[in-house]
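Before any comments, here is the structure.
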Amino acid sequence: MQVKVIPLDVSARLNELRALPPGWLEGGGAPPPGEGLDRLAAAFQTHFPDELPSPYLYPTETGGIQAEWQIGAVDVSLEIDLRAHAAHWHTLSMQTNQADSHDLDLNAEESWRWLASAIRRLAGGAA
């Protein structure tokens with residue numbers, strides 16, 4: 001039997017996270033704000049190229065979003081603060097144990113260009 005791989009859909013996943021109630025994490029955990037989810041979905045749609053690998057998206061305890069990519073031997077995470085519309089990028093190479101981090105202003109187009117370029121560079125090196 002062949003398994004069909006469905007591409008990750010950022011907008012659909014963000015929409016799922018909209019349904020989280022207060023206390024979703026063992027009685028704690030703030031739900032992500034709807035306006036922040038809308039802004040993030042629109043920003044991904046506008047600024048993140050379709051040909052790049054989409055991230056897995058998870059809620060954070062503080063009402064933010066954690067975007068994660070596994071690209072070759074590199075773990076990538078982007079912790080997104082929906083209220084500030086800012087993010088913290090972190091990578092860790094499982095081969096070399098080398099880490100990198102970078103702060104992003106998600107209101108700035110140059111931050112989205114930087115993000116796309118970083119993902120493209122990692123994905124190109126993973127082949």
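Quick look at the values:
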| item | result |
| --- | --- |
| Odd one out for residue 124, checked against (1) at negative phi; (2) of a type outside the set (Ser, Thr, Tyr); (3) part of a loop (DSSP other than H, G, I, E, B) | (3) |
| Every residue from the range 88-115 that is touching a Leu at 6+ places or on another chain (Cβ under 6 Å) and either in contact (Cβ under 8 Å) with a residue 24 or more places away in the chain or among the hydroxyl-bearing types (Ser, Thr, Tyr) (or both) | 89, 111 |
| Selection count where residues are touching a strand residue (DSSP E or B) at 6+ places or on another chain (Cβ under 7 Å) and either farther than 15 Å from residue 106 by Cβ or not aliphatic (A, V, I, L, M) (or both), scope the range 36-61 | 7 |
| Those residues of the range 11-35 which are assigned to a helix (DSSP H, G or I), hydrophobic (A, V, I, L, M, F, W, C) and touching a strand residue (DSSP E or B) at 6+ places or on another chain (Cβ under 7 Å), in sequence order | 14, 17 |
| Of the criteria (1) modelled with pLDDT of 95 or more; (2) of a type in the set (D, E, K, R); (3) buried (at least 17 other Cβ atoms within 10 Å of the Cβ), which one residue 75 fails | (3) |
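The values are calculated or read from the model by the stated rules, or taken from the named source; none is laboratory data. This one's a predicted model, so the numbers in the text were calculated from it and none came from an experiment. As a convention, Cβ positions derive from the backbone with ideal geometry for all residues, glycine included, and neighbour counts pool all protein chains shown.
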